[in-house]
Amino acid sequence: MDIVALMGSPRKHGNTDQLLNEMIKGAKENGHNVVKHYIGDLDVHPCRACGVCMMGKDCVFKDDGFEVTHQIAESEGLIISTPIYFCQMTGNLKVLLDRMYGITHNPLIPLSGKVALLFTHLGPEGYYDSYINLTKVQPFQMNMHYEIVDVLDVGNLGDVNFQPNKLIEAYEIGKKF
Ligand SMILES: Cc1cc2nc3c(=O)[nH]c(=O)nc-3n(C[C@H](O)[C@H](O)[C@H](O)COP(=O)(O)O)c2cc1C
């Protein structure tokens, strides 16, 4: 199975990145091919709601957002990782996910697959459950028809290296693909 992994933090080698790497390690050890993208390195124009993609045509922007969203559509698995920024995923990640709009409305590009979600934050574990549960449903279940593999919520950060159990949990989730 081909999996696309999105690293939604602008901070390389930070908490989200390390946890994501463990998840990827687990998935790879299960024989999957994983392509990782650092969202912050991509050139992604925000959706401008022009409606062209709703007429069965490609998105007007032929940037990295075009490439990566189509790569997601062709893959069978997706890993979304993000720190919580003011109670939500990072802006960069949201801009990319918005660019999935045309694909989710195009019957010629049927979406299905598995998704694992990873959230990191300073708050206590469970503090962002309402946001996380909503995100799970939409866009991933409702719009993309994805099956949720698992959701990892890592709070009380600091430095993830002080929570080695969470690194193990991330690895185990990767193995569920
Ligand atoms: C702009 C910004 C907003 C943040 N907002 C929140 C927040 O609302 N709640 C929270 O618990 N942590 C918040 N944080 C902290 C990060 O979620 C936390 O440090 C996370 O572990 C960072 O992940 P990283 O190490 O992968 O960058 C914020 C950090 C930044 C830079």
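For this structure, a couple of remarks:
- Subtracting the Cα-Cα distance of Lys36 and Gln71 from their residue separation scaled by 0.36 nm leaves 11.5 nm.
- Length-normalised contact order of the range 92-177 in % [C-alpha pairs under 8 Å, at least 6 apart]: 34 percent
- Relative contact order [Cα under 8 Å, 6+ residues apart], the chain, whole percent: 30 percent
- Stretch gain in nm, segment Leu122-Leu108, where the contour uses 0.36 nm per residue and the Cα spacing is subtracted: 0.9 nm
- Among beta bridges identified by DSSP and lying wholly in the range 63-177, the antiparallel ones come to about 5 percent.
- FRET efficiency, 1/(1 + (r/R0)^6) with R0 22 Å, evaluated for Leu134 and Asp63 via beta carbons: 0.20
- The slack in the chain from Gln141 to Asp159, taken as 0.36 nm per residue of separation less the alpha-carbon distance, amounts to 3.4 nm.
Read-outs: derived from the displayed coordinates by stated rules, not from any lab. Please read all numbers here as calculations on a predicted model, not as lab measurements. Don't worry about glycine lacking a Cβ; one is built from the backbone with ideal geometry, like all the others, and counts go over all protein chains shown.
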